[in-house]
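Undergrad: Here it is: the structure, laid out below.
The values are calculated or read from the model by the stated rules, or taken from the named source; none is laboratory data. The structure displayed is predicted, hence computed values, not measured ones. FYI the Cβ positions are ideal-geometry reconstructions off the backbone, even for glycines, and counts take in every protein chain you see.
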Amino acid sequence: MKILAVDKIREADLFTIRKEPIADIDLMERAGNACFYWLITNIPGHKKIKVICGQGNNGGDGLAIARLMASKGYTTEVFLFGSPEKLSPNCQINFDRLSESTLIKCTLITEKSSLPVFHSDEDIIIDALFGSGVDRPVTGFLAGVIRHINHQHSIIISIDVPSGLFCDETVAGSSDPAIIHADHTLTFSPPKLALFFPENDRYIGFWHLIDIGILQEYIDQAETHYYLITRQDCKKILKKRNKFSHKGTFGHAYLVCGSKGKMGAAVLAAKACLRSGPGLVTAHIPRSGNTILQTAIPEAMLFLDADEDIFSGIPDLSMYSSIAIGPGIGQADATRSALKHLIQNSNIPLIFDADALNILGESKTWIPFIPKESIFTPHPKEFERLIGKSSNDFERNKIQREFSIKHGVYVVLKGAHTAITTPDGNCYFNATGNPGMATGGSGDVLTGILAGIKAQGYSSLETCLLGVYIHGLAGDLAAEERGQESLIAGDIIQHLGNAFLSLYGEF
């Protein structure tokens, strides 16, 4: 699914109005109806609806929602901030429609008015003050209004975007920018870039994609570098297995993992790899881990390093169809030398994680020699050590994309909405996963999944998209069963089967 900039979203609205055709006021009504159906599905009937409206089209959306909520029997009140003489044309139409209703109280608020006070147990605040077109900080009276709303203790639901939030650039730089802190955001499809960055989480809350019928014809031809990975995308990637297949058909994954005291990382990575579909898996581990791995994972083959406790050298790599390195390997001098040797001798893309990334972060001159199409899987701190620091999430995404382009590699920046950047400069955000996955070993599991998928002949892009989505989906299934607090990395592995099963169906 494409993620579009605000100017492209405006073009999409205009294209739909012209091509469908539909009057712009009717497209606004469609947006109001779509939000209305979400609201009545999720808000109990005894709650009181308080709609905060501005003078523009977002305010018009709010007025339409208020009218619809009142018609459903909800006690509804509107607070219009600004002068009725300055409303946008479509906002004016909805204001006139609202004025005909005897079910809704509408209060005009000016700089001389007292600001409304809300009751936390009764009131639901609908934020329709500003929409996605805001491109400069909110100041003055309306900034005070936003801060006043944020200090109420009622649930806040923002329409399209929280008022005051920028969609295509950072709002970082101010310790207290005037932006609504929503509990939920009902954002109109297609999604906006701001939804996917940690710095905006405190403003957006839980976001829900609302389809208002923007024509797919425009979206298909719109240019963008940003995408959201969906279930349909992964269904298209997943290859159907031939009934005459054998273990040689699905490749041989090679995992360099584990060191003394960190053999659990090797167990997790190898188990996850086996559960991701390769025909064969070989785990390269130090000799001291032999009994652990043979007992924990009898299905995996082992290559025992010459060293008792660390990774210190590589075998003949010609038999392997995917190679991953990093989980639990440590950063001993011999391990650093062996990693360099691996980079120099591999003829296929490599998958780097954990200590392999930390070693590369201190040996950046090696990076140009890494095989093209290789995959890096850093968490934010590993990213900083490898690629560099940034002042905000938008800048970090920019340097992530530049790194992928410069070195011809894929970077999987782990976190909520894990971001995958590609050698052609695109960025894919993940739609699955939950905070329960922020637990030790979760990254080792992802490395194993990626190695298992890559071994089967998937491209590096397909490996990243499918692997990250399945990893998050398995985590979601585990959280449903065990709760986020109790989720551990092994639970993700246990739910990989059902995660893959969920993608099967009609192709």
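Undergrad: Quick check on my filter: what residues within the range 207-222 are free of Cβ contacts under 8 Å to residues at least 40 places away in the same chain and over 12 Å from Asp160 (Cα atoms)?
TA: Across the range 207-222, the qualifying residues are Gln216, Asp220, Gln221.
Undergrad: Only residues in the range 427-452 that are modelled with pLDDT of 95 or more and aliphatic (A, V, I, L, M) count as the first member; pair them with residues that are buried (at least 22 other Cβ atoms within 10 Å of the Cβ) and not in a helix (DSSP H, G or I), Cβ under 6 angstrom, at least 6 apart or cross-chain, and list the lot.
TA: Here the result reads Ala431/Ile229; Ile449/Ser276; Leu450/Ile351; Ala451/Ala253; Ala451/Leu255; Ala451/Ser322; Ala451/Ala324; Ala451/Ile351, each pair linking the range 427-452 to a residue that is buried (at least 22 other Cβ atoms within 10 Å of the Cβ) and not in a helix (DSSP H, G or I).
Undergrad: Right, something else. Report, by residue number, each residue of the range 295-309 that is farther than 18 Å from Ala334 by Cα and surrounded by 13 or more Cβ atoms within 10 Å (Cβ to Cβ).
TA: Listed by number, the residues that qualify are Ala296, Ile297, Ala300, Met301, Leu302.
Undergrad: Looking only at the range 466-474, decide whether some residue is aliphatic (A, V, I, L, M), touching a Lys or Arg at 6+ places or on another chain (Cβ under 8 Å) and modelled with pLDDT of 95 or more.
TA: no
Undergrad: In the range 178-208, what residues are of a type in the set (Gly, Ala, Ser) and outside any loop (DSSP other than H, G, I, E, B)?
TA: Ala194
Undergrad: Could you check the range 68-82 and list, in sequence order, the residues that are crowded, with 21+ Cβ neighbours inside 10 Å and either of a type in the set (Val, Ile, Thr) or not assigned by TED's automatic domain parsing to the domain that holds Lys112 (or both)?
TA: Thr76, Val78
Undergrad: While we're on this one: Collect the residues in the range 395-426 that are closer than 26 Å to Trp207 by Cα, among the basic types (Lys, Arg) and either touching a residue at least 60 places away in the same chain (Cβ under 8 Å) or surrounded by fewer than 18 Cβ atoms within 10 Å (Cβ to Cβ) (or both), keeping them in residue-number order.
TA: Selection gives Lys398, Arg401.
Undergrad: While we're looking at this one, here's another question. Would it be correct to say that Phe166 is more than 18 Å from Gly32 (Cα to Cα), within 25 Å of the chain's Cα centre (by Cα) and of a type outside the set (A, V, I, L, M)?
TA: Judged against the criteria, Phe166 is a match.
Undergrad: If you don't mind, there's one more thing I want to ask. Out of Ser312, Ser318, I need the residue that is assigned by TED's automatic domain parsing to the domain that holds Leu274, surrounded by 13 or more Cβ atoms within 10 Å (Cβ to Cβ) and either at pLDDT 95 or above or outside any helix (DSSP H, G or I) (or both). Which one?
TA: It is Ser312.
Undergrad: A further question follows. In this structure, does Lys260 turn out to be modelled with pLDDT under 95, assigned to a loop (DSSP other than H, G, I, E, B), of a type in the set (Lys, Arg) and on the phi < 0 side of the Ramachandran plot?
TA: No.
Undergrad: Another question about this same structure. Considering only residues that are touching a Ser or Thr at 6+ places or on another chain (Cβ under 9 Å) and without any contact (Cβ under 8 Å) to a residue 40 or more places away in the chain, which ones fall in the range 126-140?
TA: Val134
Undergrad: So in the range 21-60, with the set limited to residues that are over 30 Å from the mean Cα position of the chain (by Cα) and either of a type in the set (Lys, Arg) or surrounded by fewer than 14 Cβ atoms within 10 Å (Cβ to Cβ) (or both), which one is farthest from Ile104 (Cα to Cα)?
TA: Filtering first and then ranking leaves Pro21.
Undergrad: May I pose another question? Scan the range 453-471 residue by residue and report those that are without any contact (Cβ under 8 Å) to a residue 60 or more places away in the chain and either surrounded by fewer than 24 Cβ atoms within 10 Å (Cβ to Cβ) or outside the structural domain of Thr282 (by TED's automatic domain parsing) (or both).
TA: The answer is Leu461, and nothing else.
Undergrad: Next question, about the same structure. Residue check: is Asp168 charged (D, E, K, R) and crowded, with 20+ Cβ neighbours inside 10 Å?
TA: So Asp168 fails the test.
Undergrad: Name the residues in the range 142-155 that are farther than 16 Å from Val171 by Cβ and either buried (at least 21 other Cβ atoms within 10 Å of the Cβ) or touching a strand residue (DSSP E or B) at 6+ places or on another chain (Cβ under 8 Å) (or both), would you?
TA: Val145, Ile149, Gln152, Ser154, Ile155
Undergrad: Please enumerate the residues belonging to the range 94-125 that are surrounded by 11 or more Cβ atoms within 10 Å (Cβ to Cβ) and either among the polar types (S, T, N, Q) or not assigned by TED's automatic domain parsing to the domain that holds Ile52 (or both).
TA: Asn94, Ser99, Ser101, Thr107, Ser113
Undergrad: Only one residue in Leu4, Leu14 is at pLDDT 95 or above, over 25 Å from His148 (Cβ atoms) and buried (at least 23 other Cβ atoms within 10 Å of the Cβ), so which one is that?
TA: When all the criteria are applied, what remains is Leu4.
Undergrad: Here's a follow-up. State all residues of the range 202-220 that are surrounded by fewer than 16 Cβ atoms within 10 Å (Cβ to Cβ) and either in contact with a helix residue (DSSP H, G or I) (Cβ under 6 Å, 6 or more places away or on another chain) or not aliphatic (A, V, I, L, M) (or both); if no residue qualifies, say none.
TA: If the condition is that a residue be surrounded by fewer than 16 Cβ atoms within 10 Å (Cβ to Cβ) and either in contact with a helix residue (DSSP H, G or I) (Cβ under 6 Å, 6 or more places away or on another chain) or not aliphatic (A, V, I, L, M) (or both), then Arg202, Phe206, His208, Asp211, Gly213, Gln216, Glu217, Asp220 are the ones that fit.
Undergrad: Output the number of the condition that Lys243 fails; it satisfies all remaining conditions of (1) among the charged types (D, E, K, R); (2) surrounded by fewer than 20 Cβ atoms within 10 Å (Cβ to Cβ); (3) assigned by TED's automatic domain parsing to the domain that holds Leu461.
TA: It is condition (3) that Lys243 fails.
Undergrad: When you go through Ile49, Ile65, Ile40 one by one, which is the residue that is closer than 21 Å to Asp183 by Cα, outside any helix (DSSP H, G or I), assigned by TED's automatic domain parsing to the domain that holds Leu115 and not polar (S, T, N, Q)?
TA: Selected residue: Ile49, the only one of Ile49, Ile65, Ile40 that is closer than 21 Å to Asp183 by Cα, outside any helix (DSSP H, G or I), assigned by TED's automatic domain parsing to the domain that holds Leu115 and not polar (S, T, N, Q).
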